[in-house]
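Report on the following structure.
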Amino acid sequence: MEPMYSYVWLIPVLPLVGAMILGLGLISYGKAVGKLRKLCAGFIVSLLGTTMVLSFALLWSQIQGHETYTHVIEWASAGDFRLTMGYTVDHITALMLVIVTTVAFFVMIYTDGYMAHDPGYVRFYAYLSLFSSSMLGLVISPNLLQVYVFWELVGMCSYLLIGFWYDRKPAADACQKAFVTNRVGDFGLLLGMLGLFWATGTFEFDLMGLRLEGLVESGSLSVAIASLLAILVFLGPVAKSAQFPLHVWLPDAMEGPTPISALIHAATMVAAGVFLIARMYPVFENLPTAMNTIAWTGAFTAFLGASIAITQNDIKKGLAYSTMSQLGYMVMAMGAGAYGAGLFHLMTHAYFKAMLFLGSGSVIHGMEGVVGHDPVLAQDMRLMGGLRKYMPITAITFLIGTLAICGIPPFAGFWSKDEILGSMFAVNPALWLVGYLTAGITAFYMFRMYFSTFEGSFRGNNADIKKQLKLAQFQKMGMSLGPGAMNPQELALTADEHETHEDHDDHGHDDHGHSHEPHESPIAMTLPLMALAIPSILVGLVGTPFANYFEAFIHPASEIVEGVPSEVDWNEFLIMGGSSVGIGLIGISLAVLMYLQGKIDPGAIAKTIQPLYQLSLNKWYIDDIYNVVFVQGSRRLARQVLEVDVRLVDGVVNLTGFITLVTGETLKYLESGRVQFYALIVFGAVLGLVLVSGIT
């Protein structure tokens, strides 16, 4: 097994080589490379498949008891100051490698079907491969400094992928929003990282924790300063894992192609924040203030995301807020000390949420043949319904993912979510209550999404609904242009013209024209769905309370676990598990009554609780507040700075130039070129000096 560990560096390097070859090919021989689309895709998928096989081999080796392997080289040194880089393989590394490579592998296969007719097909694969390399490099990093390097590379790839369709303004705005928001969190991470290095003199995770604990115990460093440094580091995961208040970028990031939503915003990049908390656990676990901050941030984010997802009509944005909520569960668990439970939910969530996002992409792919290329219409659940009849594979796999995220046994999400709720109840009942209520809301909005999409009658050909949605879309555009930009009559006329234009448009998603019925996606898209459905059902069985193999494998270094935990308090398990399933069933029952049987009118309820409905629909007005305070505030500040620059700075410069000009114009009359005149001036100056000296 030892030789295998010597080649761990190939795991991030192979996808990097693939991205470099495709990138150089596109730059040098763009047209030729563009014609070799399938060959390029096969090349990238093969490289990632190789890294996946090596990752599984490393995981099996770690399960068999191989000790942690670390290989470092000296990166830079100056006197006693040394920086190292390399790679480390321990239990959490092996687990994350398998999660990242398996999800990325299936996403890349899926991409071949989803992006088949996109002109940026090869470029998209190059970006995917570069992102995979960056994420894998982050996972194997042995110290915080190297993590930060790959952390920023992951952020750069996120910017490129979210803005992949850069010619669309919403996509361009979304990638900028993601970039700026993440810079805020990353600046906090950088400050905390440098502060911890100043205090401990190291970037190594375990050594940093030990030295910080010693400094606090000896009184050399106050608990408040240590907690502040830890919270600054936590700002990085707050942004990357879309936690309040830096969560606003994630829903807008759905403007990128759907495979990106599955890879980055469900399974890998957003999970990097939880992974970093786990890596920094030796620092966090001895600082109660930092741990409480982490736990309550996660709890509030979980509830916030779920409460907003209730009213979302865009299928991808609904899943985005769901992701935000589930990440809140993980962060809450890590902050409350449930290390194993948080990472367990990270693993199960990666598979079923990636499948749900890919399922939504399959739905959008099928809907574009009916409604055209407009992403607003193709993603709006009000135009869906009855798709189970047309897309049976997508419907079944989506239902499996829905049951998993709702925590219905025996699906994977039940075991991980129940473990989190059980841990919260033992540590802090208030945290448990937030998580418990969130679980019920999750079950409601997920089945609302499933019923609205796959059950009932198909609404995609309803011209009235299309016109209403287009009118709402143009109204939103009019509001963005400013008051009075378009009156209601103009908006209605524009919507009618757009509808007429679409009726005469004879090009669909697959260049086969519009159809009146959606269709199932090709095998390249349905095969990854079926493959991801297997772990969505079965992977939770490795963490059951009866034989918790996952807890035995992934426990933090500060704890010693002998054997596989298997002691079960049946009374506690039945109460906690039964209550979590019960609240989920209540949420599902409400969704059935509202969106399947129609016995309860959601519109009537919305009118009854109009303020709460508007609060959810407008995303708690957080985006609006940020727009007023930061966006418009920055613009006002920029205008004031421009005013100062024009009037004061430029004024001083212009005054200096004016004085110079006037002085020069005056002095030029004294330069006659006559020597006698110059001698007279010199004589006058000497005479003046003599007179002045005589007077003094």
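The values are calculated or read from the model by the stated rules, or taken from the named source; none is laboratory data. Quantities reported herein were computed from a predicted structural model and do not represent experimental measurements. For neighbour counting, all protein chains shown are included, and Cβ atoms are generated from backbone atoms with ideal geometry for every residue, glycine included. For the accessible areas, the whole protein counts, side chains as well, though only heavy atoms, and no ligand, DNA or RNA atoms are used. Shrake-Rupley method; radii C 1.70, N 1.55, O 1.52, S 1.80 Å.
A few comments on the model shown:
- Report note on the peptides 582-592, 73-83: ranked by the mean count of other C-beta atoms within 10 Å, highest first, their order is 582-592, 73-83.
- Working ranking of peptides 569-577, 161-169 by packing, defined as the average number of other Cβ atoms within 10 Å per residue, highest first, is 161-169, 569-577.
- Summed residue charge, Cβ within 13 Å of residue 653's Cβ, Lys/Arg positive, Asp/Glu negative: -1
- Anisotropy class of segment 595-696 from Cα gyration tensor, a/c 1.5 cut: prolate
- The largest-to-smallest principal axis extents of the Cα set in segment 70-180 are 54, 29, 20 Å.
- A 1.4 Å probe run over the protein chains yields, for segment 1-62, 55 Å² of accessible area per residue, whole-number rounding.
- Entries in 169/316; 38/316; 389/467; 177/467; 177/619 that, when Cα-Cα distance is taken, lie over 22 Å: 38/316; 389/467; 177/467
- Entry note, segment 531-669: relative contact order of 9 percent, from Cα contacts under 8 Å with a spacing of 6+ residues.
- Applied to segment 632-644, the Karplus parametrisation 6.51 cos²θ - 1.76 cosθ + 1.60 on θ = phi - 60° returns per-residue 3J(HN,Hα) values of 5, x, 5, 5, 5, 4, 5, 5, 5, 5, 4, 4, 5 Hz, with x for Gly and Pro.
- With every protein chain in place, the chain: carbon and sulfur % of accessible area (1.4 Å): 67
- Shape metrics for segment 382-432, restricted to C-alpha atoms - Rg then Dmax, Å: 15.9, 47
- Summarising the label geometry, the points placed 7 Å from Cα in the beta-carbon direction at residue 655 and residue 43 lie 6.4 nm from one another.
- For segment 62-94, the residues whose backbone nitrogen is under 18 Å from a point 7 Å from the Cα of residue 149, taken along Cα to Cβ, are 70-78, 81-89.
- For the chain, dividing the convex hull volume of the Cα atoms by the residue count gives 276 Å³ per residue.
- Alpha-carbon Rg/Rh ratio, for segment 359-399, with Rh computed the Kirkwood way: 0.94
- Where 553, 630 fall by accessible area, highest first, once all protein chains stay in place (1.4 Å): 630, 553
- Accessible area (Å², per residue) of segment 383-464, counting only protein heavy atoms and a probe of 1.4 Å: 31
- In units of the rule-of-thumb radius 2.2 N^0.38 Å, segment 191-310 shows an alpha carbon radius of gyration of 1.19.
- Relative to the longest principal axis of the Cα atoms of the chain, the long axis of helix 288-309 lies at roughly 70 degrees.
- The largest-to-smallest principal axis extents of the Cα set in segment 121-264 are 57, 29, 19 Å.
- Remark: segment 3-72 projects, on average over all directions, an area of 5.6 nm² (convex hull of Cα atoms).
- Solvent accessible area, Å² - residue 68, 1.4 Å probe, full protein context: 80
- Principal axes of segment 121-180: Cα extent on each, largest first, Å: 40, 27, 10
- Counted charge near residue 594, where neighbours are those whose Cβ lies closer than 13 Å (Asp, Glu -1; Lys, Arg +1): 0
- Using R0 = 45 Å, the C-beta based FRET efficiency linking residue 564 and residue 180 works out to 0.45.
- Helix 10-28 vs. the chain, principal-axis angle (Cα, 0 to 90°, nearest 10): 60
- Segment 300-400, Cα convex hull volume normalised per residue, Å³: 87
- About the centre of its Cα atoms, the chain shows a dipole size close to 1060 debye [charges on the beta carbon of Lys, Arg (+1) and Asp, Glu (-1) only; nearest 20 debye].
- Percentage of interatomic Cα-Cα distances in segment 249-330 larger than 16 Å: 55
- Cα gyration tensor category, rounded, prolate or oblate, for segment 333-376 with a/c compared to 1.5: prolate
- Per-residue ellipticity at 222 nm from helix content only, as computed over the chain with -39500 (n - 2.57) for each DSSP H run of at least four residues, stands at -23500 deg cm²/dmol.
- Proximal lysines relative to residue 599, as straight alpha-carbon distance under 20 Å, when same-chain residues fewer than 8 apart are discounted: 607
- Rounded tilt (10° steps) of 650-667 against the dominant C-alpha axis of the chain: 20
- Relative contact order for the chain, counting Cα pairs under 8 Å that sit 6 or more residues apart, in percent: 12
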